[in-house]
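Peer 1: I am attaching a structure below and will ask some questions about it afterwards.
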Amino acid sequence: MKKNKNMTMLTRGKIEVLYNSGVPVKEIAKIIGYCERAVYTELRKGYYMHTNTDLTETKKYSADKAQKVTDYNNTAKGCPLKLGNDWDFVHFVEHMIIQEHYSPEAVLGYIKEHNLNFKTKVCRATLYSYIENGVFPNLSNKHLLRKKNKKQAHKRKEQKKIIKGATIEERPLSVLERIEFGHWEMDTVIGTREKGNVLLVLTERKTRIELIFKIKDKTTKSVVKVLNSLEKSYGKNFSKVFKTITVDNGTEFSAYEEMEKSIYGKNRKRTKIYYCHAYSSWERGSNENQNGFIRRFIPKGTDINPISPNELRYIQDYINTYPRRIFNFANSEKLFLLELDKLLKKSEKIEKTS
């Protein structure tokens, strides 16, 4: 039995010969390979009353009449679909959205960034329309991870917790405007409500690069341990790469002095910590957006303990190589490496002149 296949004039001709010869609809459906409902629908398009030689009338089917009705109905369907028989494009889009968790817009950005050639060329609005209208055989809007909602005005709740460190209001304007590299947001992502491993995530505000670490618990000790490890990795450049870090009021971020203090000297600072207002997650918008990416792979309520370092590395690489519209579909990894390269060249130049 054929599915989702439009009838051709040849098939209608077969129906005309069979039906007008008195063959039952059930048998016609078997012969032409369609369900009975499809045959009945087709017959309604081509019914007419045939006058016999004895002046009696018999209900018959005309393939020509049914074709004319079909052609007329098709004129109300708007422009023809651009997909045609471009199955390479269809399969690619379905794979990227269903398997790779890309948004439709990110798929088009990936195609552009990697210079992929398909017969089909569609814009963002058209691709979303095709998905909404069920044009793709295996893809529907249920596979879309985010629906665009109307933005609501943020209402800040009263600050109840006393912040000992610097507040976000004291943060330089260049951080807010994302014009300078090296300013980060930091947050924790929990799995279950039970005690156990959590994720510590850092997002650089200009490039949106993401760093993900699994820590054994949601404590200041675990957070400081990660920062110490990062400082060892970046060495003297740590303070240039991590100029500031913006955090919320969670207890795991309460020891700002320990987070700011360098491992290379008691009185030496390695970064500056700024605290958001309570109940104001939008003040760490980059973090919140990246956490949405993580939840594609680790839904709320998932136990983080069994997640391997390789799995976390895959998620981190996925986020950092995801094509971003804000960067004209370049990815964060590329931009981050460019910033690091500029930083290293600047350091080398200073060393040569000193």
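Peer 1: All but one of (1) over 25 Å from Arg324 (Cβ atoms); (2) open to solvent by 10 Å² or more (accessible area, probe 1.4 Å); (3) in a strand (DSSP E or B); (4) among the aliphatic types (A, V, I, L, M) hold for Val226, so report the exception by its number.
Peer 2: Tallying (1) over 25 Å from Arg324 (Cβ atoms); (2) open to solvent by 10 Å² or more (accessible area, probe 1.4 Å); (3) in a strand (DSSP E or B); (4) among the aliphatic types (A, V, I, L, M), Val226 fails exactly one: (3).
Peer 1: Can you say whether Pro323 is touching a residue at least 12 places away in the same chain (Cβ under 8 Å) and touching an Asp or Glu at 6+ places or on another chain (Cβ under 6 Å), as far as the supplied structure shows?
Peer 2: Numbers: touching a residue at least 12 places away in the same chain (Cβ under 8 Å): yes; touching an Asp or Glu at 6+ places or on another chain (Cβ under 6 Å): yes.
The answer is yes for Pro323.
Peer 1: It is to be established whether one or more residues within segment 311-321 are within 26 Å of His143 (Cβ to Cβ), within 16 Å of the chain's Cα centre (by Cα) and among the acidic types (Asp, Glu). Let's see the steps before the verdict.
Peer 2: Taking segment 311-321 first, the residues within 26 Å of His143 (Cβ to Cβ) are 311-321.
Of the ones still in play, those that are also within 16 Å of the chain's Cα centre (by Cα) are 314-321.
With the extra rule that they be among the acidic types (Asp, Glu), the set shrinks to 317.
Yes, segment 311-321 has at least one match.
Peer 1: Among the numbered conditions (1) touching an Asp or Glu at 6+ places or on another chain (Cβ under 7 Å); (2) open to solvent by 10 Å² or more (accessible area, probe 1.4 Å); (3) among the polar types (S, T, N, Q), tell me where Asn328 comes up short.
Peer 2: (1)
Peer 1: Okay, moving on. I'm told Glu16 meets every condition in (1) without any contact (Cβ under 8 Å) to a residue 24 or more places away in the chain; (2) open to solvent by 60 Å² or more (accessible area, probe 1.4 Å) except one. Can you identify the failing condition by its number?
Peer 2: Every condition holds for Glu16 apart from (1).
Peer 1: Can you tell me which of Glu105, Glu132, Glu100 is modelled with pLDDT under 90, within 23 Å of Ser332 (Cα to Cα) and of a type outside the set (Lys, Arg)? Spell out how you get there, then give the answer.
Peer 2: Details: Glu105 fails: modelled with pLDDT under 90; Glu132 fails: within 23 Å of Ser332 (Cα to Cα).
Answer to the check: Glu100.
Peer 1: Here is a further query. With the condition being closer than 17 Å to Asp187 by Cβ, I'd like the helices (runs of 4 or more DSSP H) fully within segment 265-354 carrying at least 3 qualifying residues. Spell out how you get there, then give the answer.
Peer 2: Working: elements: 285-297, 309-320, 332-353.
Answer list for segment 265-354: 285-297, 309-320.
Peer 1: Shifting gears a bit: If you go through segment 76-97 one residue at a time, do you hit one that is touching a Cys at 6+ places or on another chain (Cβ under 9 Å), open to solvent by less than 100 Å² (accessible area, probe 1.4 Å) and under 30 Å from Gly292 (Cα atoms)? Full working, then the answer.
Peer 2: From segment 76-97, those touching a Cys at 6+ places or on another chain (Cβ under 9 Å) are none; that's our starting set.
No, because not a single residue in segment 76-97 is touching a Cys at 6+ places or on another chain (Cβ under 9 Å), open to solvent by less than 100 Å² (accessible area, probe 1.4 Å) and under 30 Å from Gly292 (Cα atoms).
Peer 1: Surrounded by 14 or more Cβ atoms within 10 Å (Cβ to Cβ) and under 30 Å from Asn138 (Cα atoms): does that describe Thr41? Steps first, answer last, please.
Peer 2: On the way: surrounded by 14 or more Cβ atoms within 10 Å (Cβ to Cβ): no; under 30 Å from Asn138 (Cα atoms): yes.
Judged against the criteria, Thr41 is not a match.
The values are calculated or read from the model by the stated rules, or taken from the named source; none is laboratory data. Please read all numbers here as calculations on a predicted model, not as lab measurements. Don't worry about glycine lacking a Cβ; one is built from the backbone with ideal geometry, like all the others, and counts go over all protein chains shown. To get the accessible areas, we keep the full protein, side chains included, count just its heavy atoms, and leave off ligands, DNA and RNA. Shrake-Rupley method; radii C 1.70, N 1.55, O 1.52, S 1.80 Å.
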